[in-house]
Amino acid sequence: MSKKLSTRHLIGIKDITADDIRLIFETADNFKEVINRPIKKVPSLRDITVANIFFESSTRTRISFELAERRLSADIVNFAASSSSVSKGETLLDTVNNILAMKVDMVVMRHPAPGACVYLSQRIPANVVNAGDGTHEHPTQALLDAFSIREKLADVAGKNVAIIGDILHSRVALSNVFCLLKLGAKVRVCGPPTLIPHHYRELGVEVSYDVRDTLRWCDVANVLRIQLERQDIKYFPSLREYHQYFGITRQMLDELDREIVIMHPGPINRGVELSSDVADSPHSIILQQVENGVAIRMAVLYLLAAQEQLSA
């Protein structure tokens with residue numbers, strides 16, 4: 001396996017190879033040891049400046065990236081669109097060019113428009129990491145999810161993984177499908193028919209509208225949040241009815257003949273997609289996902305920076 005990534009940017013899981021994913025995992029294994037020791041910093045990105053550019057609000061992803069950058073000793077520039085000149089009409093390219101004039105080496109960007117990171121990567125010399133572009137992809141979330149499955153079940157290959165919830169509005173779902181299939185898992189999406197796009201069958205995944213049958217089938221259930229902020233029409237009658245038909249309760253897990261793993265990218269709508277006694281149960285690895293997110297993002301930033309140094 002190559003010891004460097006096949007790409008200068010991390011735009012989406014669709015654009016990287018299975019070997020890239022395995023290299024990121026191996027590197028994250030090493031960084032997970034770093035973040036669990038008393039001195040949690042390494043000088044790997046000393047003299048590298050990373051700009052975190054978030055055109056959408058974010059808490060977990062932004063903090064996770066910033067913590068990863070600090071653990072690697074990078075210099076950090078944080079940029080929030082709501083308090084910037086973007087709110088005055090400045091374009092994406094002008095904004096980023098102004099930041100690059102400050103000699104930024106890497107850009108971590110979240111943007112509401114699908115394809116914004118591709119557009120950016122074609123126009124600036126810095127490495128670009130996609131922290132979520134609209135309803136398109138969220139590659140580091142998919143990587144940390146698959147890494148967490150590997151950590152819990154020893155391997156991803158051959159496992160039955162269900163993605164349950166708001167598939168239509170989720171960038172996490174698409175990245176997870178690409179990542180899991182490349183690693184040899186079997187994937188099923190489940191949710192109301194109105195929240196599952198027709199093209200998902202063409203990606204090579206199963207489609208189900210029966211959450212109980214899906215829980216009996218899967219080894220891992222990755223449960224997605226209902227994204228009300230992205231819904232301009234009603235896709236189901238009410239949150240109460242959604243929970244009744246698609247919410248996962250402890251009773252449902254207790255009825256299974258074996259234990260399954262419960263995941264969630266956060267934030268959780270407790271009492272909607274998951275009941276609290278499921279989210280906080282031994283089945284859940286949600287907090288491990290958060291910890292693994294820092295290690296995965298450290299690995300991605302380190303490998304992208306190392307590739308630039310090798311080619312310099």
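Throughout, read-outs are computed from the coordinates displayed, never taken from laboratory work. Since the model is a prediction, treat every value here as computed from it, not as a measurement. Backbone-built Cβ (ideal geometry, glycine too); neighbour counts: all protein chains shown.
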For the residue pair H199 and R123, what label-to-label distance in nm results when each label sits 7 Å from Cα along the Cα-to-beta-carbon direction? 2.3
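With 10 angstrom as the radius, rank M109, M102, M252 by how many other C-beta atoms surround their C-beta, starting from the fewest.
Working: M109 23, M102 9, M252 15.
Least crowded to most crowded, the residues run M102, M252, M109.
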So the angle from the long Cα axis of helix 171-182 to the longest Cα principal axis of the chain, reported in degrees to the nearest 10, equals 90
With θ taken as phi - 60° and the coefficients 6.51, -1.76 and 1.60, list the Karplus ³J(HN,Hα) couplings across segment 294-304 in order, rounded to whole Hz; mark glycine and proline as x. 5, 5, 5, 5, 4, 4, 4, 5, 4, 5, 5
Honestly segment 36-82 on the Cα gyration tensor test (a ≥ b ≥ c root eigenvalues; a/c under 1.5 rounded, otherwise a/b vs b/c for prolate or oblate) is just oblate
Residue-wise HN-Hα coupling along segment 59-66, computed from phi with Karplus coefficients 6.51, -1.76, 1.60 (Hz; x: Gly, Pro): 10, 4, 5, 4, 5, 5, 5, 5
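Provide the FRET efficiency to the nearest 0.05 for the D254-N97 pair, computing r from the beta carbons and using R0 = 45 Å.
Working: r = 56 Å, r/R0 = 1.25.
Efficiency, from the Cβ-Cβ distance: 0.20.
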Could you sort out which of K41/K182; K152/K186; K3/K40; K159/K182 sit more than 22 Å apart by Cα distance in this structure? K41/K182; K3/K40
Per-residue Cβ contact counts at 10 Å, fewest first, order V50, V177 as V177, V50
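Order of S148, S57, S44 from fewest to most other C-beta atoms within 10 Å? Numbers along the way, then the final one.
Details: S148 24, S57 11, S44 17.
Going from least to most buried by this count: S57, S44, S148.
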Testing the spin-label approximation: label points 7 Å from Cα along Cα→Cβ at E26 and E241. State their distance in nm. 5.2
